[in-house]
1. For residue 21 and residue 37, calculate 0.36 nm times their separation in residues minus their Cα-Cα distance, and state this gained length in nm to one decimal.
2. How much length is gained if the chain between residue 3 and residue 46 is pulled fully straight, taking 0.36 nm per residue apart and subtracting their Cα-Cα distance, in nm to one decimal?
3. Scan the stretch 1-55 for GluC sites (Glu not before Pro) in coil per DSSP, keeping those whose Cβ has at most 11 other Cβ atoms within 10 Å, and list them by number.
4. For the stretch 34-45, in order, what is each residue's ³J(HN,Hα) by Karplus, 6.51 cos²θ - 1.76 cosθ + 1.60 with θ = phi - 60°, in whole Hz (x at glycine and Pro)?
Amino acid sequence: MRRVSRCGTIRVLHKQVFVSQTLNENHVGLEEVDDGVYDLYFCFYHIGRYHLRTNKIQDILSKVPVRRTLADHFSRV
């Protein structure tokens, strides 16, 4: 478990990495899935994968397909 700072970062093994400002002052969980590779969770949601070697989080949320309906299109016009 790590607490997200006010500026949206967490520390992992003395390295600081940006997660999201949306999660400010909330807790995220890290689960090691490989040597130096951690899955990142918020509540029960898998939100990314952290790579210790590159000190980067691979975002998985942007890869989730968003289904749009015709009604959504007209409501935004």
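1. 3.5 nm
2. Net length gain for the segment: 13.9 nm.
3. The qualifying sites are 25.
4. 7, 5, x, 10, 10, 7, 10, 10, 10, 6, 9, 9
Taken together, the values in this text are just the output of simple stated rules run on the coordinates, not laboratory data. Quick caveat, the model's predicted, so the values are computed rather than measured. Please note: Cβ atoms are built from the backbone with ideal geometry, for glycine as well, and neighbour counts cover all protein chains shown.
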